[in-house]
Amino acid sequence: EMLLCDWSSDGALPISDIEIPADLEWAPYMPGFREGVEISVLFDQTQEDPNGADMAFLRYEPGSYTPGHVHMGFETVLVLQGDYIENGQSFSPGHLVVRAPGTCHSMSSKNGCVILASRYVPVKQLQE
């Protein structure tokens, strides 16, 4: 189940692209599986605890795609820049998406995007 927090008539905060620090360090995220996606980690407790939480900026190149996976715990995503597409539904900057445990989805971006994502428990990847 996906919960969407609405702040305006279209479901987004009344903002445009949010600038992020220029000095973030980006690295490919799960190469060979999540093509065209880079990550800048803010914190990652999964290094100490396989069920730990994490938070990171994720940058999707235009046309990038992430295969389906299941969330074992809650996840929050704040769209900061571009178009973030989840299961065919497009979200613009200012949208806050909260996913409940058991939510299954894939993600993509037509024109590229940056999101801030936090997972309370790591996800389970699905085969596609």
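With both labels modelled 7 Å from their Cα along Cα-to-Cβ, the Asn87 to Leu42 distance reads 2.5 nm. With both labels modelled 7 Å from their Cα along Cα-to-Cβ, the Ser118 to Ser16 distance reads 2.8 nm.
Provide the packing ranking of 70-82, 42-54, i.e. peptides ordered by the mean count of other C-beta atoms within 10 Å per residue, highest first. Provide the component values of the computation, followed by the final result.
On the way: 70-82: 19.4, 42-54: 12.7.
The most tightly packed comes first, giving 70-82, 42-54.
FRET efficiency for the pair Asn51 and Met30, taken as 1/(1 + (r/R0)^6) with r the Cβ-Cβ distance and R0 = 30 Å, rounds to 0.95.
Applying the Karplus relation 6.51 cos²θ - 1.76 cosθ + 1.60 with θ = phi - 60° to the stretch 49-60 yields 3J(HN,Hα) values of 9, x, 9, x, 7, 8, 8, 7, 7, 10, 10, 9 Hz, where x marks Gly and Pro.
Quick note: the coordinates plus some simple rules give every number you see, no bench work behind them. Note that the structure is a prediction, hence the values are computed from the model and not measured. Cβ: placed from backbone, ideal geometry, glycine included. Neighbour counts: every protein chain shown.
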